[in-house]
Structures are given as C-alpha cells and as structure tokens.
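Step one of this worksheet: look at the structure below.
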Amino acid sequence: MKTESKVAGAREDNVTAMIESQTSQIPSSAYLGAALGSMAASAILRMAGKKDASLFVGQWAAPFLLMGVYNKMVKQHGSDAESRQTAEAA
C-alpha cells in the first residue's frame, strides 16, 4: 500500500507543477480585475432587476481573489522555488 501512496504523491506533484507553471504566467492584477469586474457586473444586473443573476455573479469575486492569492504564492513559493533559488545562486 505504501507504493500506491508514493505513486499518487508523485503524480500529484507533477500535476501541481504543471498547474503552477501555467498559473504563474497570469499577472496577479488580472485576478483583481476579474473580481472588480464581477462586482460591477453584479451591480449592473441588480439595477436591471435581475436579482438572482446579480447574486450569482457577485459571488465570483471571492474565488477570483483567492485565485489571485494562490497565483502570488506560486510566484513566490512555488514547488520549484528551491530549484530556482539553487539555479540563480550558481
């Protein structure tokens, strides 16, 4: 059983590294812009009388901000941060 968990852990690390390599290319300000855009769209929908749609779109702001925080952390402390520091020191 230990072999299975090691394989799953290695697979997770590869998947995580792939996700981090893609998300680190997106500027952090894009996530802030998406959050502000969802809030503005929510306000517009609310003024248009579409209460349910405005609540739905308004709830997107928090996930966008969380993704922005994750993006920032990946850039600073990603899974390859140690290898990058070693390469920069050499």
Subset of segment 43-85, residues under 21 Å from Gln22 (Cα atoms), modelled with pLDDT of 85 or more and charged (D, E, K, R), comes to Lys72
Take the conditions more than 21 Å from the chain's Cα centre (by Cα), part of a helix (DSSP H, G or I), modelled with pLDDT under 95 and at negative phi and apply them to Glu88. Does it pass? yes
By residue number, the members of segment 15-58 that are farther than 17 Å from Val69 by Cβ and under 17 Å from the mean Cα position of the chain (by Cα) are Val15, Ala17, Met18, Ser21, Gly37
Taking segment 23-76 and the residues there that are in a loop (DSSP other than H, G, I, E, B) and touching a residue at least 24 places away in the same chain (Cβ under 8 Å), the one that is nearest to Asp13 (Cα to Cα) would be Ser24
Filtering segment 1-29 for residues that are among the hydroxyl-bearing types (Ser, Thr, Tyr), at pLDDT 80 or above and surrounded by fewer than 12 Cβ atoms within 10 Å (Cβ to Cβ) leaves a count of 1
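The values are calculated or read from the model by the stated rules, or taken from the named source; none is laboratory data. Fair warning: this is a prediction, and the values are worked out from it, not measured in the lab. Cβ: placed from backbone, ideal geometry, glycine included. Neighbour counts: every protein chain shown.
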